[in-house]
């Protein structure tokens with residue numbers, strides 16, 4: 001006979017919340033392992049598809065054109081699945097970060113430099129207002145950069161016909177903040193409500209994990225992320241991080 005478990009029925013060392021957390025951690029670990037198991041044979045499949053495409057590159061038989069197109073389609077879908085799995089693995093790995101003091105200015109500068117060719121190609125002007133006296137924060141550099149890459153990439157994609165991207169750092173009451181402001185197409189109300197939900201996307205081929213991963217990274221650093229946007233008027237993401245006490249810049 002089934003019975004409801006009351007709070008007092010749980011062992012003294014384990015609460016319902018901790019049981020749920022343990023179950024979630026176990027499922028997350030299993031999902032990560034499954035993603036790895038899928039990724040390995042998928043990489044082999046894609047590699048062999050690319051080799052097959054090379055073998056057929058100089059084949060001129062009339063019936064080869066359709067075969068080449070089908071090979072290209074399979075290759076694109078394999079690449080899309082690999083990108084999805086990579087995004088998922090980044091989303092699932094955010095545990096036990098090794099935090100060290102570092103400069104938020106340096107992180108955004110490095111990411112903007114990474115996108116420099118694409119920014120020039122799309123005629124996106126970058127304007128930087130980076131506070132030279134900005135206190136350092138505790139961070140894991142590679143992980144913070146992954147979040148910033150997602151945000152800058154989104155901003156660029158929102159300005160297909162060019163525009164401006166402003167990167168501004170400043171001191172706040174509780175720490176430091178980074179504003180990323182674009183003059184792009186903006187987002188409608190539905191997108192604003194759902195943008196941080198896993199697997200939600202309105203982009204063809206998108207994984208729906210970029211912004212949720214960025215949010216999870218920022219929160220894992222004790223920070224928070226806010227967004228303001230309207231269609232046709234651009235978007236502003238604000239990332240705010242706490243500063244460690246008694247730590248010199």
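The values are calculated or read from the model by the stated rules, or taken from the named source; none is laboratory data. Nothing here was measured: the structure is a model prediction, and the numbers come from that model. All Cβ positions, even for glycine, are placed from backbone atoms using ideal geometry, and neighbour counts span all protein chains on display.
Report the residue count in segment 176-194 for those that are at positive phi and over 20 Å from the mean Cα position of the chain (by Cα).
Of all residues in segment 176-194, those at positive phi come to 186.
Retained after the next criterion (residues that are over 20 Å from the mean Cα position of the chain (by Cα)): none.
Qualifying residue count for the region: 0.
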Handout entry: Total residues in segment 156-190, condition within 14 Å of residue 233 (Cβ to Cβ) and assigned to a helix (DSSP H, G or I)
Key = 1
Handout entry: Residue list for segment 109-138, filter: out of contact with any helix residue (DSSP H, G or I) (no Cβ under 6 Å at 6 or more places or on another chain), under 24 Å from residue 219 (Cβ atoms) and in a helix (DSSP H, G or I)
Key = 109, 110, 112, 114
Practice task
Sort out which residues of segment 162-177 are surrounded by 17 or more Cβ atoms within 10 Å (Cβ to Cβ) and either within 24 Å of residue 119 (Cα to Cα) or modelled with pLDDT under 85 (or both), and write them in order of number.
Solution key: 163, 165, 166, 167, 168, 169, 177
Practice task
Only one of these is at pLDDT 95 or above and closer than 22 Å to residue 222 by Cβ: 105, 150, 96. Name it.
Solution key: 105
Fill in the blank from the handout: All conditions in (1) at pLDDT 90 or above; (2) farther than 17 Å from residue 230 by Cα are true of residue 180 except (2)
